[in-house]
Amino acid sequence: MLHQFFGGVHPAEHKDLTERKATVPLAEAPAQVIIPMSMHLGAPCKAVVSVGDEVKVGQIIGETTGLGAPIHASVSGKVVAVEPRPFGNGGEMVSVVIENDFQNTPDPAIQHRNNVDALTGEEIIEIVKNAGITGMGGAGFPTHVKLAGAVGRVDTLILNGAECEPYITSDHRLMLERGDAVIGGAQLMAKAIGLNGAVIGIELNKPDAIEHLKALAGLVGDIRIEGLKTRYPQGAEKQLIQMITGRQVPPGKLPADVGCLVCNVATAAAVYDAVTEGKPLTQRGMTITGGAIAEPMNVMVPMGTPVSHLIKMAGGFQENPDRVLLGGPMMGNPIYDLDVPVMKSTNCILSMTSKEVAARDPAQTCIRCAKCVEVCPMKLTPLFMRMNANKRRWIEVEALNVMDCIECGSCSYICPARIPLVQTFRAAKAEIRTQAAKAKAVQEAKEATKA
């Protein structure tokens, strides 16, 4: 039985630009890839190659030093730089720059695995870890950490095939074109955490994907496909949990606290490739789209490919874009340098014209219409959060559960005063984290002095 989640909005979908276009390989591989040492939630990796080294596809070039996932070369060739480069999340990040030799020579360690059925759950998790797999639909949380933390705590595995963000169709195409990998990955992830099956949630605006996966799931019997009413942000993990199970994740808690684990369908396919073929995560499908793009497309992209190269592959700009985003229009990050590289969590490059961008009148005075409260899927009070954030009342902002904000953009979308609410909450969350870190450092210093 399906349930409902709170709030949500219905932005125009704009998926018709690419939803019927098959995922294709790049017509021309990039001459260089720029691979940031941070493509996951957690500490950046440490580069383990040097300038002049020859590398192969799938070779480890960055090793994790804590919470994180290893990073692998996406092309074969020569390392020409290990230095800070512009980063899609803002600022710069130490990156390994590889000059492509266009041979795509695989690392010898990549081998097809014949004994998949004999693998234990622990062995599957270790393979996922070594393959550098992270969440491919959101913040990039290391998948092996998610799986390990779910063992003994979770009774429901949910795969997110909702793809609710406007414009993006890469997951839709993945489910149609590699449905066997999605189903197979779901089975492997379920086995890794001690379950017998999983649920895949897909919005009803993708009927072909629903029917295709239902047909495949019918062959294995332990995977259930649920069609979900189309509403943004259906794909947010807490909303997906509430929709499918009726359970609500309390403020400050995690999905595992209510017995659920949520992963993206692209993550499941990457798990399948890693376990069955020994392939680390070196490429992903993504959507290149928007009104400014001459030939919108779905394409398979090596990690570290510059955005400028992908725009060129999509025919270039047919008119000057108003903005270019990594991701969709609701949650994507605007970029100001087209040479920034794509990462493991990059599912879309969106180039929007001025006509596609909502009217940007100056923000007006909040009239407390409460539309932001009505649409907030987390049942927060954005108007009061903003009021206290503007006055730098961080204790009050945190007490209003701003840290539970999923930054979906529903409040900004619906606000008739055009107030940039999400940007305010991102800044507030960053300030609260900074203050918490400072307080922790002061406390540790005091304890060290006493000792």
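The values are calculated or read from the model by the stated rules, or taken from the named source; none is laboratory data. Not measured: the values here are computed from a predicted model. Note: ideal-geometry Cβ built from the backbone for every residue, glycine included; neighbour counts use all protein chains shown. These accessible areas exclude ligands, DNA and RNA; they are computed on the full protein's heavy atoms, side chains included. Shrake-Rupley method; radii C 1.70, N 1.55, O 1.52, S 1.80 Å.
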In whole percent, the fraction of accessible protein surface over the chain that belongs to carbon or sulfur atoms, probe radius 1.4 Å, stands at 52 percent
For Lys344, give me every one of the aspartates and glutamates with a C-alpha distance below 18 angstrom, ignoring sequence neighbours fewer than eight places off in its own chain.
Glu63, Glu92, Glu163, Glu165, Asp171, Asp273
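With every protein chain kept in place and ligands, DNA and RNA left out, what is the accessible area per residue of region 91-196? Probe 1.4 Å, answer in Å². Mind showing how you got there, number by number?
Values: 4380 Å² over 106 residues.
Accessible area per residue, region 91-196: 41 Å².
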Structure-derived volume of the Cα convex hull per residue in Å³ - corresponding label in (i) 135; (ii) 156; (iii) 178
(ii)
Relative contact order as a percentage, the chain, C-alpha pairs under 8 Å and 6+ apart, gives 18 percent
For region 1-103, take every pair of Cα atoms, bin their distances at 10 Å starting from 0, and report each bin as a whole percent.
14, 32, 23, 19, 10, 2
Which far-off residues, 5 or more places away or on another chain, put their amide H under 5 Å from the one on Gln32, with H placed in the peptide plane?
Asn100
Post the alpha-carbon centroid distance, region 373-389 to region 217-296, in whole angstrom.
26 Å
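Below 8 Å between Cα atoms, with a sequence gap of 6+, how large is the relative contact order for region 112-248 in percent? Intermediate values should be presented prior to the final figure.
On the way: 181 pairs, mean separation 32.9, N = 137.
Taking the mean separation of contacting Cα pairs over the length of region 112-248, I get 24 percent.
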In the chain, which Cys residues have no partner Cys with a Cβ closer than 4.7 Å?
Cys45, Cys164, Cys260, Cys263, Cys348, Cys366, Cys369, Cys376, Cys405, Cys408, Cys415
